[in-house]
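One structure below.
The values are calculated or read from the model by the stated rules, or taken from the named source; none is laboratory data. Because the structure is predicted, anything quoted here is derived from the model rather than measured. So basically every Cβ, Gly included, is an ideal-geometry build from the backbone, and we count neighbours across all protein chains shown.
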Amino acid sequence: MTEEAPVSAPRRLLARVRDIMAGSGNAEERLNKIVQRIAHDMVAEVCSCYIMRAGEVLELFATQGLRQDAVHQTRLRVGEGLIGVIAAQGEPLVAADAQNHPGFVYRPETGEEIYHSMLGVPIRRDARVMGVLAVQNREARAFSDEEMETLETVAMVVAELIAGNRLVDPDELVQVEGNALLPLRLEGARLTGGLGIGRAVLHRPRVHVQKLVADDPDRERRRLRAAMGTMHRAIDAMLAQASEGEHSDILEAYAMFARDTGWVARIEEAIDTGLTAEAAVQRVHDDTRARMLSVNDPYIRERLHDLEDLTNRLLQHLAGREGTAAGTELPPDTVLVARSMGPAELLDYDQTSLRGVVLEEGGPNSHVAIVARALDIPVVGRARDAVARVESGDRLIVDGDNAQVFIRPGEDVLAEFTAAAESRAEQRAAYAALSHLPAVTLDGVRVNLMLNAGVLLDLGQLAPTGADGIGLYRTELGFMVRSSLPTVEEQAALYAKVLEQSGERPVVFRTLDIGGDKVLPYWDPTAEDNPAMGWRSMRITLDRPLILRHQFRALIRAAAGRALNIMLPMIAEVAEFDFARDLLDKELARERTRGTPPPRAARLGTMLEVPALTFHLEALLRRVDFVSVGSNDLFQFLYAADRANPRVAERYDPLGPTMLRFLHHVVTACRAAGVPVTLCGEMAGRPLDALALLGLGYRSLSMPGPAVGPVKAMVRHLDLTGLEDFVRTQLDSPARSVRPALKGYARDHGVPV
């Protein structure tokens, strides 16, 4: 008879712990029995279990050997004390003389001052740290590797007890990753401003193809066509469910992408090589992605997100599943975390539950960013390794204004941002209460506050903000979301929707402004050393006048019976304006002969953003119907400082005397000539900058929707008497910026900025 091998100490302890797990008693009672058993079997005078709580705090949950009244009372921050160090590093720690360890922290309520040696291990589950398990002895003790492995093995069982038996309320349980436990902040890129606090929901729509080879290509083609049809109907239903005009320009472009015949043909060709429909879809996706990644064009690279969205949707339909987000119940405060997203994927989610989005990829011109901006959802993009660092349910803070994400924030950080969020909510409520009131100063001066817009979704902010109209409608986005140059009919349909949704409020359409960082996907741009000052904007359409004529034609048809306001971007000399005016006159005449109902009035103005134009301002003002100062480009051209270059972007201040003198010269000339002038750009949407503009004489400002409330509040607290004189005294200041002086003026006069 063969003698059985003796049971090792680690196996014996593990078996006893499992017996406790399967036995009677609630979770806390079983945890107490486990620490007692560990202390007994490992000949330790102390065994303690700490569990991670919200705010990166480790709470003593059970102990054998320490004072029982310390349970639930003793707390250590991650990184504080030896227990906190183990949690922060996610690794075991052995200390023969713990009290002389540099990380030791004394907690008098525990009575542990008499214990010197310690072995502690992290409690892990799915590579995440949930707490710490530690044993201690009074005398110096060299714990063996076997003892460390034993405690680590038992810690795995304890992790299951913590996760599955409701020791801690799920909202209070925090599981954090190894050396990412200390206060973790990710920096990224601002895609949409704002502040959001919520629980992480990981967006993982990826479908993994299992079967690659097919025996019947005809059957696979039929499956593909059926899935395509189902997907197209689902996208069409999404378009129909949206309120009229809402998301439509983005989703229509998305739907056109889904029906691209070249895409479908390439998938069918891959099926003919013997692949399943799923494998063919994946193959075409991978090939197309590789080609798109090799292109430096930023717009083309942004379209990768649309491609991946469609690929996943098609794979889901081939598998007989709907999109993973559709119909999913979300926590009331949800922050989506994803590598990338398409616009339709974002719209799949319940927008009332979304508090923010964190993306590892994405840029400000990506479709998902455009939709999120219109929905006023803060988005931080290019947050490196966000998906790997975030676990579903983690508390997140999305600070869109400063392009940063706080993962599992500490209690102090969370409290600070919660207070900021509450303050913002109160301010927004106060701004909303002003929406029906005009922007009038205390001394009765009316100021027009207009919106900047680029998609139909932006027009939804007209009523809530009480804006006076659309001071800048960027028509280029209607070109950028399509795979080919839009026809006159397509453009006219879009512009008609804009005018219809704006009601009686005026709309100023800016003609096509592409080039620089705005590239059309069907346009082959020429590489330029300095594209911001190269072949862009009006220079392109003047060299390709048919594009401009078609846009004029579409605008005229859309306006039929309404006032039409057209603005030309980046005019550098009067001759360029005259050329465009001649084209507009020809198109107006052409449409009259065709019997098209004419606009009630057709006004043509120009943006003033090239400093050279001001040296011919007198001649220009005899020709234009209005002027709009584009402060963003004007600022970078005036100071020869690329606003996309972080080394120089913050070097100069828009409230510097040079910029203010320039703006004062323009507004003075326009007012003398009786030509309406508006300023649009970042300056208009910042209350302090807007205060300076009002002091210079501007009475019309165009800005993003969220800025209307703060600027209106500033206007309604302002008495212009004395402000203009004060601002004029600052024009000759030798200081780099008059910002401090303006802040002082606002503070002294009770003006909120």
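Summary of computed values
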| item | result |
| --- | --- |
| Among residues of the range 587-614, those that are among the basic types (Lys, Arg) and assigned to a loop (DSSP other than H, G, I, E, B), counted | 2 |
| Condition check for ASP97: surrounded by fewer than 18 Cβ atoms within 10 Å (Cβ to Cβ), at pLDDT below 90 and more than 26 Å from GLU411 (Cβ to Cβ) | yes |
| In the range 655-688, residue nearest to PRO734 (Cα to Cα) [restricted to those that are crowded, with 23+ Cβ neighbours inside 10 Å and under 30 Å from the mean Cα position of the chain (by Cα)] | LEU655 |
| Qualifying position, being modelled with pLDDT under 85 and not aromatic (Phe, Trp, Tyr), among GLY356, GLY327 | GLY327 |
| When residues of the range 542-586 are limited to those that are exposed (fewer than 15 other Cβ atoms within 10 Å of the Cβ) and within 24 Å of GLU500 (Cβ to Cβ), the one modelled with the highest pLDDT | ALA563 |
| Residue among VAL667, VAL624 that alone is free of Cβ contacts under 8 Å to residues at least 60 places away in the same chain, of a type in the set (A, V, I, L, M, F, W, C), in contact with a Gly (Cβ under 8 Å, 6 or more places away or on another chain) and part of a loop (DSSP other than H, G, I, E, B) | VAL624 |
| Residue under evaluation ARG107, criteria (1) touching a Leu at 6+ places or on another chain (Cβ under 6 Å); (2) modelled with pLDDT of 75 or more, criterion not met | (1) |
| Matching residues in the range 442-460 - criterion: being polar (S, T, N, Q) and surrounded by fewer than 19 Cβ atoms within 10 Å (Cβ to Cβ) | ASN448 |
| Residues satisfying the stated conditions in the range 737-751, i.e. out of contact with any Gly (no Cβ under 6 Å at 6 or more places or on another chain) and within 24 Å of TYR652 (Cα to Cα) | VAL738, ARG739, PRO740, ALA741, LEU742, LYS743, GLY744, TYR745, ALA746, ARG747 |
| Any chance PHE417 is closer than 28 Å to GLU59 by Cβ, surrounded by fewer than 23 Cβ atoms within 10 Å (Cβ to Cβ) and touching a helix residue (DSSP H, G or I) at 6+ places or on another chain (Cβ under 9 Å) | no |
| The listed residue being over 38 Å from the mean Cα position of the chain (by Cα), surrounded by fewer than 22 Cβ atoms within 10 Å (Cβ to Cβ), modelled with pLDDT of 85 or more and of a type in the set (D, E, K, R), out of ARG67, ARG75 | ARG67 |
| Selection from the range 424-435 of residues that are at pLDDT 85 or above and either closer than 28 Å to ARG77 by Cα or among the polar types (S, T, N, Q) (or both) | SER435 |
| Leading residue by the ranking (surrounded by the fewest Cβ atoms within 10 Å (Cβ to Cβ)) among those in the range 461-491 that are aliphatic (A, V, I, L, M) and assigned to a loop (DSSP other than H, G, I, E, B) | LEU485 |
| Residue that is modelled with the lowest pLDDT [pool: residues in the range 54-64 that are touching a Gly at 6+ places or on another chain (Cβ under 9 Å) and more than 23 Å from LEU13 (Cβ to Cβ)] | GLY55 |
| Selection within the range 384-407 - β-branched (Val, Ile, Thr) and buried (at least 23 other Cβ atoms within 10 Å of the Cβ) | VAL390, ILE397, VAL398, VAL405, ILE407 |
| Members of the range 403-439 found to be among the basic types (Lys, Arg) and at positive phi, listed by number | ARG408 |
| Counted residues, the range 366-416 - those being of a type in the set (A, V, I, L, M, F, W, C), part of a helix (DSSP H, G or I), closer than 21 Å to GLU187 by Cβ and within 17 Å of the chain's Cα centre (by Cα) | 5 |
| Residue count for the range 677-722, restricted to those that are closer than 17 Å to ARG747 by Cβ and assigned to a strand (DSSP E or B) | 0 |
| Filtered residues of the range 382-398 (kept if within 26 Å of PRO706 (Cβ to Cβ) and either touching a strand residue (DSSP E or B) at 6+ places or on another chain (Cβ under 6 Å) or modelled with pLDDT under 85 (or both)) | ARG382, ALA383, ALA386, LEU396, ILE397, VAL398 |
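Results for (1) closer than 24 Å to LYS33 by Cα; (2) of a type outside the set (S, T, N, Q); (3) touching a residue at least 24 places away in the same chain (Cβ under 8 Å); (4) buried (at least 19 other Cβ atoms within 10 Å of the Cβ), shown as yes or no for each residue.
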site	(1), (2), (3), (4)
PRO108	no, yes, no, no
TYR115	yes, yes, yes, yes
MET118	yes, yes, yes, yes
PRO122	yes, yes, yes, yes
VAL132	yes, yes, yes, yes
GLN136	yes, no, yes, yes
ALA140	no, yes, yes, no
VAL157	yes, yes, yes, no
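Quick grid of which residues meet (1) under 15 Å from ALA673 (Cβ atoms); (2) exposed (fewer than 14 other Cβ atoms within 10 Å of the Cβ); (3) modelled with pLDDT of 95 or more; (4) not small (Gly, Ala, Ser):
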residue: LEU588; (1), (2), (3), (4): no, no, yes, yes
residue: GLU591; (1), (2), (3), (4): no, no, no, yes
residue: THR596; (1), (2), (3), (4): no, no, no, yes
residue: THR606; (1), (2), (3), (4): yes, no, yes, yes
residue: HIS616; (1), (2), (3), (4): yes, no, no, yes
residue: LEU621; (1), (2), (3), (4): yes, no, yes, yes
residue: VAL629; (1), (2), (3), (4): yes, no, yes, yes
residue: ASP633; (1), (2), (3), (4): no, no, no, yes
residue: PHE637; (1), (2), (3), (4): no, no, no, yes
